[in-house]
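The values are calculated or read from the model by the stated rules, or taken from the named source; none is laboratory data. Please read all numbers here as calculations on a predicted model, not as lab measurements. Cβ coordinates were reconstructed from backbone atoms using ideal geometry, including for glycine residues, and neighbour counts include every protein chain displayed.
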Amino acid sequence: MTHTTASRKIFEPAVLGALTLPHRLVMAPLTRNRATPEGVPTPLMATYYAQRATAGLIIAEASTPTPVGQTYPDITAIHSPAHVEGWRRVTEAVRAEGGRMILQLQHGGRVGHPDTSGLTPVAPSPVPLPETIHTPAGRVPSVVPREMTAEDIRTTVADFARAARNAIEAGFEGVEVHSANGHLLHQFLAENTNRRTDAYGGPVDRRIRFVVEVADAVAEAIGPERVGLRVSPGNTVNGIEEGDTGAIYPALVGALAGRGLAYLHVGYADPDSPVFQRIRKDWPGTLIANPVLPQDRIPDDGGLAHGERLLAAGADLIALGRPFLANPDLIHRMRTGAPVNQVRDAYLMYVGGETGYTDYPVLDADA
Ligand SMILES: Cc1cc2nc3c(=O)[nH]c(=O)nc-3n(C[C@H](O)[C@H](O)[C@H](O)COP(=O)(O)O)c2cc1C
């Protein structure tokens with residue numbers, strides 16, 4: 001018998017914390033730089049997310065919990081009443097279309113610039129990003145971040161907790177703590193960016209401490225069943241060299257395992273890699289996996305086969321980024337085997353208004 005959509009696990013419902021998802025395909029967080037310069041979500045963003053409400057869950061793009069955490073121009077924030085109001089318009093639009101949405105909380109750490117945020121970035125250690133960084137005036141050399149004091153660490157943990165409460169007030173179902181892709185939490189985990197000699201640096205059990213404290217504070221603020229955490233083991237984006245990947249993630253997963261979090265999300269997940277298999281074995285809860293798709297092209301099936309390989313390797317839910325970016329009706333296309341749109345212009349992923357954002361075509365549902 002051929003696979004009918006009904007017989008495929010990827011289209012079966014799944015429970016995630018207090019939510020029931022209609023199927024197992026999740027929209028991965030995608031920074032699109034369409035907020036105001038102050039980080040307030042716009043009505044255009046409400047349209048974009050509402051178009052994608054048939055995702056099993058939308059993980060909304062990285063949002064900074066504090067001004068110094070801003071990475072790039074026009075990214076979203078969640079530290080002021082105006083941010084809460086802006087995001088509420090977005091969550092209401094998605095809910096009106098029957099969707100469910102959580103917000104990713106991201107502090108950039110050394111991935112930031114005074115020309116963008118008005119502030120010197122902070123990081124575990126004064127180790128600059130080894131590349132230029134995008135600012136309102138284009139790409140410029142990165143700056144040396146200020147080493148976080150013990151007081152900075154306490155304040156930042158509290159900023160994450162407050163941002164999580166703001167997200168709930170804005171109508172999100174929960175939050176995802178961003179500990180991936182070379183941002184602040186990942187900078188604490190990795191050897192080359194964390195040179196501290198205090199309780200937050202050195203051996204692995206100290207380098208994971210900040211991440212665990214943030215997760216705990218956020219879980220205490222809004223309830224662990226509304227909190228997920230994203231990691232990207234081995235990923236070298238933003239100049240990260242973890243060093244001991246094979247030690248970091250077992251330690252981190254072990255420390256987080258008993259805390260009742262809604263999920264762990266593994267970015268760039270390879271079902272054949274030992275670290276993925278170890279995480280699956282050790283993590284007792286829901287595991288979201290984001291497959292490694294070709295960089296230059298979305299597969300014709302939208303990533304379905306890649307996702308099914310990860311489900312077979314033990315993942316519970318599959319996150320996809322560019323397939324949802326380019327296909328508001330990705331789920332319909334996958335269910336019917338229709339071809340998918342490709343990303344039209346990579347430049348417009350991170351810049352612009354409606355073009356390359358809300359104007360991707362959908363199939364005629366009656367055709
Ligand atoms: C335009 C764009 C923006 C992204 N923004 C984020 C982000 O805000 N947070 C995050 O964790 N990952 C971000 N990512 C990574 C994606 O979530 C995802 O891991 C990556 O695109 C690979 O998945 P895909 O091949 O399905 O697109 C971004 C990727 C792209 C292409």
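Mind counting the residues in segment 104-158 that are of a type in the set (Gly, Ala, Ser) and in contact with a strand residue (DSSP E or B) (Cβ under 6 Å, 6 or more places away or on another chain)?
3
At least 2 residues that are within 25 Å of His178 (Cα to Cα) and within 10 Å of the ligand (Cβ to nearest atom) in each: list the helices (runs of 4 or more DSSP H) lying fully within segment 265-367 that qualify. Spell out how you get there, then give the answer.
Working: elements: 274-282, 304-312, 322-326, 330-336.
Those helices (runs of 4 or more DSSP H) span 304-312, 322-326.
For a quick check of your reading of the model, give me the residue pairs whose first member lies in segment 195-222 and is buried (at least 18 other Cβ atoms within 10 Å of the Cβ), whose second is in a helix (DSSP H, G or I) and among the polar types (S, T, N, Q), with beta-carbon atoms closer than 8 Å and at least 6 apart or on different chains.
Filtered contacts from segment 195-222: Val214/Thr156.
Going through Arg24, Arg8 one at a time, which residue ends up being basic (Lys, Arg), more than 12 Å from the ligand (Cβ to nearest atom), more than 17 Å from Leu325 (Cβ to Cβ) and modelled with pLDDT of 95 or more?
Exactly one of Arg24, Arg8 is basic (Lys, Arg), more than 12 Å from the ligand (Cβ to nearest atom), more than 17 Å from Leu325 (Cβ to Cβ) and modelled with pLDDT of 95 or more, namely Arg24.
Need a quick list: helices (runs of 4 or more DSSP H) entirely within segment 41-157 having at least 1 residues that are within 17 Å of the chain's Cα centre (by Cα). Quick ask: steps written out before the conclusion?
Numbers: elements: 43-51, 81-96, 114-117.
It comes to 43-51, 81-96.
For the list (1) out of contact with any strand residue (DSSP E or B) (no Cβ under 8 Å at 6 or more places or on another chain); (2) within 26 Å of Tyr263 (Cα to Cα); (3) surrounded by fewer than 20 Cβ atoms within 10 Å (Cβ to Cβ), I need the number of the one condition that Gly314 fails.
(1)
Check segment 33-50 and report whether any residue there is within 13 Å of the ligand (Cβ to nearest atom) and surrounded by fewer than 20 Cβ atoms within 10 Å (Cβ to Cβ).
The answer is yes, given that some residue of segment 33-50 is within 13 Å of the ligand (Cβ to nearest atom) and surrounded by fewer than 20 Cβ atoms within 10 Å (Cβ to Cβ).
Kindly indicate whether Ala251 is within 30 Å of Arg88 (Cβ to Cβ) and modelled with pLDDT of 95 or more.
The answer is no for Ala251.
Only one residue in Thr20, Thr91 is among the hydroxyl-bearing types (Ser, Thr, Tyr) and free of Cβ contacts under 8 Å to residues at least 60 places away in the same chain, so which one is that?
The conditions single out Thr20.
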